[in-house]
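The structure follows.
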Amino acid sequence: MKCPFCSSPDTQVVETRESEDGDIIRRRRRCAACDKRFTTYERVDLKMPQVVKKDGRRADYDREKLRASMMLALRKRPVTTESVDLAMDRIEERLLTMGVRELATDRLGELVMRELKKLDKIGYIRFASVYRNFEDVDEFSEVVREVTKPTRTPRKAAS
């Protein structure tokens, strides 16, 4: 860390403290050249990717906008806000681990649909109907069939 007083690159950490909530580290430093002390703060700098719209425009990722669209799909459904928040956290974790600077809206929509499918099938169908912009009833019926497929039950082991 360069000294803010004399610009010397030779500084030493004298004391380190973590904030109460643990998301910031405060460091007291001393410059070896001018012997002055200064404080630096270290925090995580996570950047969400830019969202590329279908028309090519770019927008900042907006958690609240995405949450609002999920809540609209789940309106009057028996899904807790805590479940929605956890789904949002999983989506954001996936976005961060993808390590991309830009993300197409269709890819983001697929991540949302995956989470909605786990939360509530009706919410999933509602979101899919708007997101996929169905042209006819057959496309809509296909999504309904997708969520109503009987799940296979594991066979009992032969004794």
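Rank these by accessible area, largest first, 1.4 Å probe: D89, D120.
Most to least solvent-accessible, the answer reads D89, D120.
Then there is this: Would you mind estimating how fast the chain diffuses translationally, via Stokes-Einstein at 10 °C and 1.306 mPa s with the Kirkwood radius over Cα pairs, in µm²/s?
79
While we're here: Normalised by the residues of the range 1-106, what does the relative contact order come to in percent, with Cα pairs under 8 Å and at least six apart?
Worked out over the range 1-106, it gives 20 percent.
Further question: Rg and Dmax of the range 69-111, Cα atoms, in Å?
That works out to 12.0, 35 Å for Rg and Dmax.
Taking the range 11-43, which GluC sites (Glu not before Pro) meet the DSSP loop condition and have no more than 14 other C-beta atoms within 10 Å?
Within the range 11-43, the qualifying GluC sites (Glu not before Pro) (loop, at most 14 other Cβ atoms within 10 Å) are E20.
At a Cα cut-off below 19 Å, give the aspartates and glutamates reachable from K53, other chains included and same-chain residues fewer than 8 away excluded.
Excluding near neighbours in sequence, the set is D62, E64, E92, E102, D106, E110.
Sort S7, S129 by accessible area with a 1.4 Å probe, largest first.
S7, S129
Which helices count as membrane-span-like in the chain under these terms: full DSSP H, at least 24 Å along the axis by C-alpha, Kyte-Doolittle mean of -0.5 or more?
Flagged H segments are 81-98.
Rolling a 1.4 angstrom probe over the protein chains, ignoring ligands and nucleic acids, what is the accessible area of F5 in square angstrom, nearest 10?
Approximately 110 Å² for this residue.
The values are calculated or read from the model by the stated rules, or taken from the named source; none is laboratory data. The shown structure was predicted, so the numbers you read here are calculated from the model rather than taken from an experiment. Counting neighbours? That spans all protein chains shown, and the Cβs are built from the backbone with ideal geometry, glycine included. Please note that ligands, DNA and RNA were not included when accessible areas were found on the heavy atoms of the full protein model with its side chains. Shrake-Rupley method; radii C 1.70, N 1.55, O 1.52, S 1.80 Å.
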